[in-house]
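The values are calculated or read from the model by the stated rules, or taken from the named source; none is laboratory data. Note that the structure is a prediction, hence the values are computed from the model and not measured. Here the Cβ is made from the backbone with ideal geometry for all residues, glycine too, and neighbour counts use every protein chain on show.
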Amino acid sequence: MANLIRKYNISWRRVFFDTSPTLPSFQILVVAVWFGLLCGFFEVGLLFTKPTFFHSDLIWMPLVSNTVLFTLIGLPLFLAARLWPGLFSPRRMIFIIAFLAFTHLRLISYQVHIYAWLIIAAGLALQITSIIITKPFVRLLIRRSVIALVIVAIGLSTVVNVVKTRSERDAIAKLPDPPPNASNVLLIVLDTVRSKSLSLYGYDRKTSPQLEQLAESGLTFERAWSPSPWTLPAHGSLLTGRFPFELSASWQNPLDDTYPTLAEVLSERGYSTAGFIANLTFCTSRHGINRGFIHYEDYPRSLGMFALNSYFGHKIFRKINNTFGPQKTIVYKDAAMVNKDFLDWYSKKKDQRPFFVFLNYFDAHSPYLSPEPFDGMFGPKTPLPSLGDAAAPWWNFTMEQKQVLLDAYEEAIAYVDHELGLLLYELKQQGILDKTLVIVTSDHGELFGEHKLFGHGNSLYRSLLHVPLLISFPSHVPANRRIADRVTLCDIPATILDLLNLEESSPFPGASLARYWTEGDDRTFSETPLISVLQKGLRLPKRALQRMPHRKGDMSSIILGKWHFIKNGDGTEEMYNINIDFEEESNLAGIEEYEKELKKCRETLDSTLKRGAASNRMAVRSLAH
């Protein structure tokens, strides 16, 4: 770099005080840095227009990412202009930089077509290039303002990180004293893990030996039901005890503060609360899942995360993933990283308070990544077909392609199970496990061709809603016992408070699952209805619309006894006898023989949803006052 500066006679005095009418080539690099800083501040500014999706790390990461990216773009343009000035004039190079910078305007609205934005960006780039070329005082202003922008960026980043660290320390200091002899709580979500792929539930592949070992020390619920087939509303229900139709959590909106979360309630009881998250798509602080957690680790501070936290960085690496396949990923937190983050936090934990820790493992979610020896454990190592591949769309997958995806998925489950076993072993060695309530579940399942669908968040079939649920709490719950009754994840918050003897003044509406094993208990419980809902999803390519049931409108379902009733958005209905029709292949709706059962399911679902909506409005008004 020093040789480069000497060779091209670049000095700080020329950079910041030169007012000559000619445009030196080094101005290209200065303009690139300037535009990078402006783009960073532009992206940060947009965050403040969407405070519900605010996240402290997103303030400084775009600043660094855009500045570095535009500097890397500007460097070869500067060298090209220096070496071949006739072909690569400063005017052309600055136009390229300005054009790229103004494409950021598309962040304002994606409703305008991309070509329209490109035309706007080109017009603005021509104007600003002309001004920079013809106005020496503008170039002087740019050079001097770069330093000011850098100082502001560094200051802002420093303040954000200092405030974050201090706020955690202050929050811990303000906690009340916990109950005497209070137990820890460890809530573990195996993201996207369905029950039908677990050997714990009779699957022929040995995918979950560690879960089976944990089940020996506690309870296994054989028919746990998720209230939603995708991450955000399912987690919202898991942490608030409310059904998704009562919550704000949706494709476009985060979980708001209408209802208290489990972390908030336990914090008020003196618990240290912490979350360690691998799902960076819908389970981050931006989505409201962190509410009540004093410490919350989601976005990793890595080069990949810096790159993705800019408009161009995201576009570039998304293109790389689409080109090289789903095995390539720039930002990924595997189960081992989640375990390490949690154990590091616990080792540095200075207070003796009980903890409530929430872990989210993401390995079983697409792209189904797992390390050796799990990669190839159930099938040959084969490049995975992409669910977003336009050339080979998922609805045309062959049986071999479906099997490749399923093999990779279940290998990822085996990996997560292995890492969970390592974590539990470490906690046992440290003497923590015996005084900890451990709950292991999932937010939803996954489809691999069932009903001609793949993935999740697109329907309300059993493969998406039937999830694992284990509770281990030595000396508090029975060991090695299985419960066949169907239950909902909405009852988890009430269950936790009940097992901790904190059920008095509980804000959670669900019924404690302790009713299934507590003998001689004179308390009465009203069973929570087994309802699942799904809102109409995001915009998708037209050719996929008719293949996605939720694209026809909001969906809802209910289980009454052996009947699983689904009401689709277009008014059509489905009903399955899930006691014998596990794959829900025989739709009984419309068959005269089952009209009585269908009518009962329909009326019960409608009345429950209306009653829930009415009570939700009353609760919101009560909280508002």
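Quick notes on this structure:
- Answer from 276, 243 - the residue that is closer than 28 Å to residue 181 by Cβ, among the aromatic types (Phe, Trp, Tyr) and crowded, with 22+ Cβ neighbours inside 10 Å: 276
One line per residue, one yes/no per condition, for (1) farther than 25 Å from residue 354 by Cα; (2) basic (Lys, Arg); (3) modelled with pLDDT under 95:
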site: 181; (1), (2), (3): no, no, yes
site: 187; (1), (2), (3): no, no, no
site: 190; (1), (2), (3): no, no, no
site: 195; (1), (2), (3): yes, no, no
site: 218; (1), (2), (3): no, no, no
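- Tally of residues being more than 18 Å from residue 222 (Cα to Cα) and surrounded by 16 or more Cβ atoms within 10 Å (Cβ to Cβ) across the range 574-591: 5
- Lone unmet requirement of (1) closer than 30 Å to residue 339 by Cβ; (2) at pLDDT 85 or above; (3) in the same structural domain as residue 64 (by TED's automatic domain parsing) for residue 157: (2)
- Of all the listed residues (46, 79), the sole one being under 25 Å from residue 252 (Cβ atoms) and modelled with pLDDT of 75 or more is 46.
- Evaluating residue 284 against the criteria (1) closer than 18 Å to residue 492 by Cβ; (2) surrounded by 20 or more Cβ atoms within 10 Å (Cβ to Cβ); (3) not basic (Lys, Arg) leaves one unmet condition, (1).
- Enumeration of residues in the range 458-490 that are surrounded by 23 or more Cβ atoms within 10 Å (Cβ to Cβ) and among the small types (Gly, Ala, Ser): 459, 463
- Of the residues making up the range 275-311, those that are farther than 27 Å from residue 36 by Cβ and either modelled with pLDDT under 85 or not small (Gly, Ala, Ser) (or both) number 14.
Residue by residue, here is whether (1) in contact (Cβ under 8 Å) with a residue 24 or more places away in the chain; (2) at positive phi holds:
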| position | (1), (2) |
| --- | --- |
| 368 | yes, yes |
| 400 | no, no |
| 431 | no, yes |
| 434 | yes, no |
| 437 | yes, no |
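- Number of residues in the range 66-116 that are more than 16 Å from residue 33 (Cβ to Cβ) and either under 29 Å from the mean Cα position of the chain (by Cα) or not assigned by TED's automatic domain parsing to the domain that holds residue 43 (or both): the value is 11.
- Considering only residues in the range 343-381 that are more than 26 Å from the chain's Cα centre (by Cα), modelled with pLDDT under 90 and closer than 30 Å to residue 399 by Cα, the one that is surrounded by the fewest Cβ atoms within 10 Å (Cβ to Cβ) turns out to be 380.
- Qualifying residue in the range 398-408 (condition: modelled with pLDDT of 95 or more and over 13 Å from residue 366 (Cα atoms)): no
- Criterion: without any contact (Cβ under 8 Å) to a residue 24 or more places away in the chain and of a type in the set (A, V, I, L, M) - qualifying residue of 247, 255: 247
- Of the helices (runs of 4 or more DSSP H) lying entirely inside the range 206-296, those carrying at least 2 residues that are β-branched (Val, Ile, Thr) are 231-240.
- Among residues of the range 135-161 being more than 23 Å from residue 103 (Cα to Cα) and of a type in the set (S, T, N, Q), the one that is surrounded by the fewest Cβ atoms within 10 Å (Cβ to Cβ) is 158.
- Residue list for the range 132-159, restricted to those being farther than 18 Å from residue 93 by Cβ and among the aliphatic types (A, V, I, L, M): 140, 141, 147, 148, 149, 150, 151, 152, 153, 154, 156, 159
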